[in-house]
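J.: Okay, here's the structure, questions in a sec.
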């Protein structure tokens, strides 16, 4: 009996301890939850029990909705211990779950980054209207429209219905790309509203631009007229345009990697844009002059268009280009030049005589076939230069300048058959008469194969006449008589 009573006392003590712990937990967790009151411009059809969301996850409930002294809506909500306490800078926004539910609303809490958080929001604190965003219902938008506008808007909706009649499948494929477009547009507008000063500067600059455009209304009218013509030309090719648009999704998928890489390149271009701003301001006078030059160039461009393409035959640049095709065929011929292997042979001349290689091919063969003659004449260059030098410097120079003494000399002597000078015979009337009947041992004719330097005396080293080791086609025996 004594042992059983001791065990009972121990069980009672344990039960009291467990009850005390439960009481503490109830007092700690089951008591008042972490609550915050948010001032909204209007309740946006919130009701008690709506969820409080943080990062897409349920984080609390709307507990109470009251009317404030200034007509604002005081919405009190709780936040789970996981997110409590909220950091300062938290923004509460009323969102819609869907349009099909009247009271389908929720409070979305946007927490600031940890680096921008400035303390914590205490339990029972109030978020002012600067930290809340009320929902805007479509009814409020429609209520701002008058009766005529509502009727016109209905016609617009019916027009959309008629435009999608029979093309709903294509439209559904197109709507698949609306989500990326809208999400990127949201990011763009978010960036625009993030820096209010820059956005204000953008609006001011846009106003200035509108004023400048109004001052150049004639130019703007011409621009619109030209754009109308261009769009009309594009509209005339609507079938080709439709084919291009149909191929555009596949092209965009292939270009996605390139666009991702370009995103990083845009950040790298920021220093270039910053460095270009001072230069852009200095370019303003230049562009004013360039605008005038561009306006003056319009007649020139119009005349150029007439030169490129004009009605009629053989009177524009396009037809001139087409006429170059026969000329190119005549110049190129049937193929690459095929000259004879030995330009000096009769085979090479016969092979090139059909002129089937075109003007350029025949010219190439002619130049190639002339190589032996040019190579043979190259060795006579010193003698030709020496003749030019001697012919140009005949005579002497005195105080009056260069002079030359020229006189006719008639030789009264002739050569007899025995090789002796005959003083009695008269002078022949011509060189032919002089050479006719002469002794072959005394005078020699037909010396047309002299080697280069054959008129010079051999100094003893065999350097003259020059035969290039026997490669030249000349007679080394044709040298002056005498020692």
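The values are calculated or read from the model by the stated rules, or taken from the named source; none is laboratory data. Given the structure is predicted, the values throughout are model-derived calculations rather than measurements. Please note: Cβ atoms are built from the backbone with ideal geometry, for glycine as well, and neighbour counts cover all protein chains shown.
J.: How many residues are at pLDDT 80 or above, surrounded by 11 or more Cβ atoms within 10 Å (Cβ to Cβ) and assigned to a loop (DSSP other than H, G, I, E, B) when one looks only at the stretch 311-339?
T.: Residues that pass the stated criteria total 2.
J.: Still on this structure, I have one more. Taking the stretch 347-371, which residues are loosely packed, with under 14 Cβ neighbours inside 10 Å and modelled with pLDDT under 80?
T.: Scanning the stretch 347-371 gives 347, 349, 350, 353, 354, 355, 356.
J.: OK, next. Residues that are in contact (Cβ under 8 Å) with a residue 60 or more places away in the chain and either touching a strand residue (DSSP E or B) at 6+ places or on another chain (Cβ under 8 Å) or within 30 Å of residue 170 (Cα to Cα) (or both): does the stretch 210-232 have at least one?
T.: So far as the stretch 210-232 goes, no, none of its residues is in contact (Cβ under 8 Å) with a residue 60 or more places away in the chain and either touching a strand residue (DSSP E or B) at 6+ places or on another chain (Cβ under 8 Å) or within 30 Å of residue 170 (Cα to Cα) (or both).
J.: I'd like to know if the stretch 153-170 contains one or more residues that are at pLDDT 80 or above, surrounded by 10 or more Cβ atoms within 10 Å (Cβ to Cβ), within 34 Å of the chain's Cα centre (by Cα) and in a helix (DSSP H, G or I).
T.: Yes - at least one qualifying residue is present in the stretch 153-170.
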